[in-house]
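Only one structure is covered here, and it is reproduced in the block below.
The values are calculated or read from the model by the stated rules, or taken from the named source; none is laboratory data. Computed from a prediction, not measured in an experiment: that's the story for all the values here. Methodologically, a virtual Cβ is constructed for each residue, glycine included, from the backbone with ideal geometry; neighbour enumeration extends over all protein chains shown.
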Amino acid sequence: MSTDSTDGTDGPVTEEITVTVNGEPVTAAVEPRLKLSDFLRYECDLNGVRVGCEHGVCGACTVQQDGRTVKSCLSYAVQADGAEIETVEGLDDDGSLHPIQEAFHETHALQCGFCTSGFVMATKELLEENPDPTREEIETGLADNICRCTGYQNIYEAVEHAAEKMEE
Amino acid sequence: MKPAPFTHHRPETIEEALELLEELEDAELMAGNQSLGIVMANRLATPDHLVDLNGVDDLAYIEERDDEVRIGAMTTHRTLERSDRLADALPMLPDAAGQIAGPSVRNQGTVGGSLGEADPAGNYPAALLALDGSVTLRSLEGTRSVPVSEFFIAYMFTDLREEELIESVSVPTDPFPPERSGMAFVELKRAAQTFPTVSAATAVRVDDPTADDPVIEAARIALANAADVPLRVEDAESVLEGEPLSEAGLDEVTELVTGAVTPEGEMHADREYKEEVAGEYAKRSLESAYDDALE
């Protein structure tokens, strides 16, 4: 790795960061180029953060940072120093699914499931800001996420179903 | 898809950022990272240093003055999209901001980043050209203001110098008083997360919105992704000025815009198609702006 050094010393240069991940503080020394997505997967073992395209197109790596969705492959871990991150693993309540997760399950809004955690996180922000979205608002609200299996119809239905559940 | 190594710098003031830019060899400014991150993931850019502007709070604001609105470079698309003051004074800007990608990109991406990237398909360059905006550039030597019409030089190439950063953009509000003006930003896009094929930014001011046939006093037409820089079509604007909006006027505009643009063909839209779309979208955008002026 010595060739990866930018300051002339041996080995990669690291920075120490502390990030609150799903409510727990995590401190680690990371290379500045480490993506937030890889930090969450490899340093925090949170494999619900999916790495699809790794350049901001697919949305599978969507998480919340300080309450806002971000594509974690377009953010470096050092940028999350001091921030609060929530991943799909942070949604469950002592083993029971979040209403959005239940709705995706019940509406069969997934086939292979690779994109699902990203969609669930995008849905969370959408419904937090707009608890009763129209179909068009759901489509634009999920515009950063790609699913290659479902054709989206069941996903949109799941969001409507989740909105009903969360209203209860 | 991993970037090459770099050193990360997080200045907290504009001065600190400028000193880093001056000191460091091969440094890039990082704003929302929604485009630079892609370029670096593909190793099309491998800077040794990133000067991360996300800690510079002084660069994120929307400020209304007497006859202009000033927007800090690190203001996110999300903030522009949801600004009530902008929706009232310069509705084209929230309209353009809200059509960029999806919510998670808009949470991070910034107006300064978009201008610095200078992709001719970007939304702000065309919108700000239509609105006669200016870009304020700052270095340790001082600040200078460059009209948007001169800022974009060629494809992804601007007047920004290596030791400068984009501090803000300003847009005059007096040419288009909200009570008798309308604006629209209309884009053709085959998928939300891609750049649009062509976009049309238009504004009109009428003499009296309650008249039977309100006469257009001023019109602006700018296109995105229709040339290697955002393109304003002044010939087409003057066709509309001094008359109420008419079918004949719109037909002439469509023809003039189609003739004025010089787009590159791309995979899903060849040159001829983009020329026609530019004319058609200029027309649709103007119809919408005129309706908006009369409301």
- Item | Sole residue being in contact with a helix residue (DSSP H, G or I) (Cβ under 7 Å, 6 or more places away or on another chain) and under 27 Å from B:I100 (Cβ atoms), chosen from B:L245, B:L256, B:L223 | B:L223
- Which of the residues that make up segment B:95-114 are farther than 13 Å from B:A126 by Cα and more than 14 Å from chain A (Cβ to nearest Cβ)? B:G112
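This table checks each residue for (1) among the charged types (D, E, K, R); (2) more than 30 Å from A:A28 (Cα to Cα).
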residue: A:T69; (1), (2): no, no
residue: A:A77; (1), (2): no, no
residue: A:I85; (1), (2): no, no
residue: A:A103; (1), (2): no, yes
residue: A:E106; (1), (2): yes, yes
residue: A:C115; (1), (2): no, no
residue: A:N145; (1), (2): no, no
- Message: Would you confirm whether or not segment B:152-165 contains a residue that is surrounded by 21 or more Cβ atoms within 10 Å (Cβ to Cβ), on the phi > 0 side of the Ramachandran plot and in contact (Cβ under 8 Å) with a residue 24 or more places away in the chain?
- Response: no
- Have a look at B:V56, B:V51, B:V39 and point out the one that is crowded, with 21+ Cβ neighbours inside 10 Å and either under 20 Å from B:S170 (Cβ atoms) or out of contact with any Pro (no Cβ under 7 Å at 6 or more places or on another chain) (or both). B:V56
- Residue satisfying all of: in segment A:132-141; in contact (Cβ under 8 Å) with a residue 24 or more places away in the chain and in a loop (DSSP other than H, G, I, E, B); surrounded by the most Cβ atoms within 10 Å (Cβ to Cβ) among these: A:P133
- Task: State whether the residues of segment A:156-164 include one that is within 21 Å of A:C44 (Cβ to Cβ) and aromatic (F, W, Y).
- Result: no
- Message: Which of the strands (runs of 3 or more DSSP E) found entirely inside segment A:33-86 contain at least 1 residues meeting this: in contact with a Pro (Cβ under 8 Å, 6 or more places away or on another chain)?
- Response: A:68-71
- Query: Considering only residues of segment B:3-19 that are within 14 Å of chain A (Cβ to nearest Cβ) and farther than 13 Å from A:E31 by Cα, which is surrounded by the fewest Cβ atoms within 10 Å (Cβ to Cβ)?
  - Reply: B:E12
- For segment B:71-114, which residues satisfy the criterion of being surrounded by fewer than 18 Cβ atoms within 10 Å (Cβ to Cβ), of a type in the set (D, E, K, R) and closer than 20 Å to B:P175 by Cβ? B:R85, B:D88
- Task: Go through segment A:35-63 and count every residue that is within 14 Å of chain B (Cβ to nearest Cβ) and buried (at least 23 other Cβ atoms within 10 Å of the Cβ).
- Result: 12
- Message: Tell me yes or no: at least one residue of segment A:9-17 is touching a Gly at 6+ places or on another chain (Cβ under 9 Å) and either more than 7 Å from chain B (Cβ to nearest Cβ) or at pLDDT below 95 (or both).
- Response: yes
- Message: Of the residues B:D95, B:D67, B:D88, only one is touching an Asp or Glu at 6+ places or on another chain (Cβ under 7 Å) and of a type in the set (D, E); which?
- Response: B:D67
- May I ask you to verify whether B:E187 is of a type outside the set (K, R), crowded, with 21+ Cβ neighbours inside 10 Å and touching a Phe, Trp or Tyr at 6+ places or on another chain (Cβ under 8 Å)? yes
- Task: Within segment B:133-142, identify whether any single residue is touching a helix residue (DSSP H, G or I) at 6+ places or on another chain (Cβ under 9 Å) and acidic (D, E), and answer yes or no.
- Result: no
- Message: So if I check each of B:T110, B:T75, B:T79, which one is under 30 Å from A:G59 (Cβ atoms) and over 14 Å from the mean Cα position of the chain (by Cα)?
- Response: B:T79
- Task: Just name the residue that is nearest to the other protein chains (Cβ to nearest Cβ) out of those in segment B:70-84 that are under 24 Å from B:P120 (Cβ atoms) and either out of contact with any strand residue (DSSP E or B) (no Cβ under 8 Å at 6 or more places or on another chain) or not hydroxyl-bearing (S, T, Y) (or both).
- Result: B:R78
- So is B:V135 farther than 24 Å from B:E162 by Cα, assigned to a strand (DSSP E or B), touching a residue at least 24 places away in the same chain (Cβ under 8 Å) and more than 14 Å from chain A (Cβ to nearest Cβ) or not? no
- Task: Return the only residue of A:E86, A:E102, A:E129, A:E168 being surrounded by fewer than 18 Cβ atoms within 10 Å (Cβ to Cβ) and within 14 Å of chain B (Cβ to nearest Cβ).
- Result: A:E129
